[in-house]
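Here is the structure we will look at, set down as structure tokens.
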Amino acid sequence: MVSVVQNVAIDCVNAYELARFWSGVTGRPLHPEDEPGMAETQVMMAEGPMLYFHQVPEPKKGKNRLHLCLRPETSREEEVERLLALGATLVADLRDPDGSGWAVLADPEGNEFCVLRSESDRAATAS
């Protein structure tokens, strides 16, 4: 027997607002019953585990021990710019001149995540 990952839980100060940010990132809807002010909110992913946001009283402290890595459908650079416009912040730019690497961003509550190269970026730099 095995276990199936149901969701990825993210502790936060404002579950609904952070879920709205991640809904914009992923292009996926919030759970239809979720409303502003709710202490638990979900982003309904097309496949795999849901993103589950749980309101907690304490703020984030230190670096995440677990983070999401995103592979955009568009170029990495276009996606980084889009996410910054949604409210993310650039934490570390680990993109290399040869096109490899990634960008580390943080969501509005400071949770770090990575933006990897897209498949088209990878194909363009393949030797």
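The values are calculated or read from the model by the stated rules, or taken from the named source; none is laboratory data. A quick note: this is a predicted structure, and the numbers were derived from the prediction, not measured. Counting neighbours? That spans all protein chains shown, and the Cβs are built from the backbone with ideal geometry, glycine included. Side chains are part of the model used for accessible areas, which takes the heavy atoms of the whole protein and leaves out ligands, DNA and RNA. Shrake-Rupley method; radii C 1.70, N 1.55, O 1.52, S 1.80 Å.
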- Only one of these is touching a Lys or Arg at 6+ places or on another chain (Cβ under 8 Å) and either open to solvent by 60 Å² or more (accessible area, probe 1.4 Å) or in the same structural domain as Arg117 (by the TED database) (or both): Ala46, Ala85. Name it. Ala46
- Task: Taking Trp102 as meeting all but one of (1) of a type in the set (Phe, Trp, Tyr); (2) open to solvent by less than 70 Å² (accessible area, probe 1.4 Å); (3) over 12 Å from the mean Cα position of the chain (by Cα), write down the number of the exception.
- Result: (2)
- Selection within region 1-58 - small (Gly, Ala, Ser) and not in a loop (DSSP other than H, G, I, E, B): Ala9, Ala15, Ala19, Ser23, Gly24
- Across region 56-70, the tally of residues that are at pLDDT 95 or above and open to solvent by 60 Å² or more (accessible area, probe 1.4 Å) stands at 1
- Give region 65-104 a look and list any residue that's of a type outside the set (Asp, Glu), in a loop (DSSP other than H, G, I, E, B) and closer than 21 Å to Ala123 by Cβ, or say none. Arg71, Pro72, Thr74, Ser75, Pro97, Gly99, Ser100
- Filtering region 104-127 down to residues that are closer than 19 Å to Ser75 by Cα and of a type in the set (Asp, Glu) yields Glu119, Asp121
- Where a residue in region 113-124 is closer than 19 Å to Leu68 by Cβ and its partner, wherever it lies, is open to solvent by less than 30 Å² (accessible area, probe 1.4 Å) and basic (Lys, Arg), with Cβ under 9 Å and at least six apart: Val115/Arg76; Leu116/Arg76; Arg117/Arg76; Ser118/Arg76; Asp121/Arg76
